[in-house]
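Chemist: This structure is in structure tokens; I'll ask about it shortly.
The values are calculated or read from the model by the stated rules, or taken from the named source; none is laboratory data. Bear in mind the structure is a predicted one, so any value in this text is a computation, not a measurement. Cβ: placed from backbone, ideal geometry, glycine included. Neighbour counts: every protein chain shown. Heads up: the accessible areas ignore ligands, DNA and RNA and are worked out on the full protein's heavy atoms, side chains in. Shrake-Rupley method; radii C 1.70, N 1.55, O 1.52, S 1.80 Å.
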Amino acid sequence: MKNLRWYDKDKYLSAFMTLLQGLPEDIQSKVAVDILLYVPKVIEKDFKKFIKIIAEHNPRQYQRWYDHNPNLHTAIESIRELSPKEREKLLSSISDIVVKYTNQNPFEFGK
């Protein structure tokens with residue numbers, strides 16, 4: 001049985017990550033920064049503690065495609081650390097952010 005990445009367990013996150021990976025780096029960075037601006041709006045715990053947890057993830061330790069861009073790494077790790085309920089709240093904002101920069105809804109092909 002194939003091991004799934006954490007985001008592949010959710011069809012919408014998987015679709016988002018697939019689209020994000022194919023975007024130019026400057027657009028990836030813009031999407032990442034916007035996501036980071038939305039995270040405090042959905043988080044249900046102390047945001048300072050949350051950011052500290054995220055900061056402990058050193059992108060240099062990993063070889064994933066999104067670890068090469070610090071903003072993208074932080075945004076993706078932030079999404080990963082959210083509870084399922086918090087992630088669900090963030091999904092509509094993610095869709096709006098991606099449409100803003102690409103005119104593509106990342107969840108249309110994720111259905």
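Chemist: Could you please give the count of residues in region 60-80 that are open to solvent by 20 Å² or more (accessible area, probe 1.4 Å), under 10 Å from the mean Cα position of the chain (by Cα) and among the charged types (D, E, K, R)?
Modeler: Qualifying residue count for the region: 1.
Chemist: While we're looking at this one, here's another question. Given D26, D67, D34, which one is assigned to a helix (DSSP H, G or I), free of Cβ contacts under 8 Å to residues at least 12 places away in the same chain and closer than 17 Å to I94 by Cα? Show your work before the answer.
Modeler: On the way: D67 fails: closer than 17 Å to I94 by Cα; D34 fails: free of Cβ contacts under 8 Å to residues at least 12 places away in the same chain.
When all the criteria are applied, what remains is D26.
Chemist: For region 16-48, which residues satisfy the criterion of being farther than 18 Å from L82 by Cα and not hydroxyl-bearing (S, T, Y)? Can you show your working first?
Modeler: Going residue by residue through region 16-48, those that are farther than 18 Å from L82 by Cα are 18-30.
The answer is L19, L20, Q21, G22, L23, P24, E25, D26, I27, Q28, K30.
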